[in-house]
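What follows is a short report on a single structure.
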Amino acid sequence: MICAQIGRLTVIHFHTLKAALAALAMLAGSAVFAPLMSQPLKEPQAVPLDFLAWIDKDPGWLRQQLAALGVVNAPKIQNTMLETTDLATLKAANRIRAFAYLAAKGQRPPFYDLALGGPSGPVRCITQFPLAIVPGLGPLDFARPSFPAAAADPAILKACTVQEAKNAPYAGMDRASFREQYFDLHGLLKKEHQTMNADPAFMAKAIDLGFFLNTEDFSGVLTVE
């Protein structure tokens, strides 16, 4: 009888583990969280923490949220700056920072990386107009792996949808090469590449490489930090 009970417990634990692994696989397959794999950066990167005041949070809260997003390499946080040498940490911090802009009136919004679920399958959307895609989106929604696309503005959804770009010249570039090739010393998209200014796949590449993507105040040209 004892052996039978142990056998049943083993089967239960096996199915529990199988279910947990399946859930993790689904999370890893999402457009937002798939790139959050630990990868060392050639040099430390910094993220300003002024956005924490916009959402009434502190560095301790930020550490907890980074861990919840799957970050395993804890960043260095001193005074008003986060510093990291890990791509996953940088991307997660940038995501939380971007969503915080939804609580900062008067601030120029950055680009948002939204995974959308729709009748024809998942869609990745890179946009500066997240509320036109997901009405009611809030600053603490950064941890949601996907959002419904049913209420999205059709024109903005079409403009923000990322199309596969395996053959694009930037597709295989690393972070340093991409930065040097496409942006000037101030982080402004170079004039000879400004056709990329409306290319969601190009913007997705920048975000995947850990850049915080925005636009210049007056020209609307893409900028990276």
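The values are calculated or read from the model by the stated rules, or taken from the named source; none is laboratory data. A quick note: this is a predicted structure, and the numbers were derived from the prediction, not measured. Heads up, the Cβs are rebuilt from the backbone with ideal geometry, glycines too, and the neighbour counts pull from every protein chain shown. For the accessible areas, the whole protein counts, side chains as well, though only heavy atoms, and no ligand, DNA or RNA atoms are used. Shrake-Rupley method; radii C 1.70, N 1.55, O 1.52, S 1.80 Å.
Just a few scattered comments:
- Filtered residues of segment 162-177 (kept if over 13 Å from Phe202 (Cβ atoms) and touching a residue at least 12 places away in the same chain (Cβ under 8 Å)): Asp174, Arg175, Ala176
- Asn197 meets the conditions (1) in a helix (DSSP H, G or I); (2) at pLDDT 95 or above in every case but one. The failed one is (2).
- For beta carbons closer than 9 Å, sequence separation of 6+ or different chains, a first residue in segment 113-131 that is at pLDDT below 95 and a second that is in a strand (DSSP E or B) and of a type in the set (Phe, Trp, Tyr), the qualifying pairs are Gly117/Phe147.
- Qualifying positions in segment 184-194 - open to solvent by 40 Å² or more (accessible area, probe 1.4 Å), assigned to a helix (DSSP H, G or I) and of a type outside the set (S, T, N, Q): Lys191, Glu192
- All positions within segment 58-91 that are part of a loop (DSSP other than H, G, I, E, B) and in contact with a Leu (Cβ under 9 Å, 6 or more places away or on another chain): Asp58, Leu69, Gly70, Val71, Ala74, Pro75, Asn79, Thr80
- Wholly within segment 92-183, helices (runs of 4 or more DSSP H) carrying at least 1 residues that are open to solvent by 20 Å² or more (accessible area, probe 1.4 Å) and touching an Asp or Glu at 6+ places or on another chain (Cβ under 8 Å): 130-133
- No other residue among Thr85, Thr161 is of a type outside the set (Gly, Ala, Ser) and over 19 Å from Asn214 (Cα atoms) apart from Thr85.
- Identity of the residue in segment 200-225, outside any helix (DSSP H, G or I) and of a type in the set (A, V, I, L, M, F, W, C), that ends up most open to solvent (accessible area, probe 1.4 Å): Phe218
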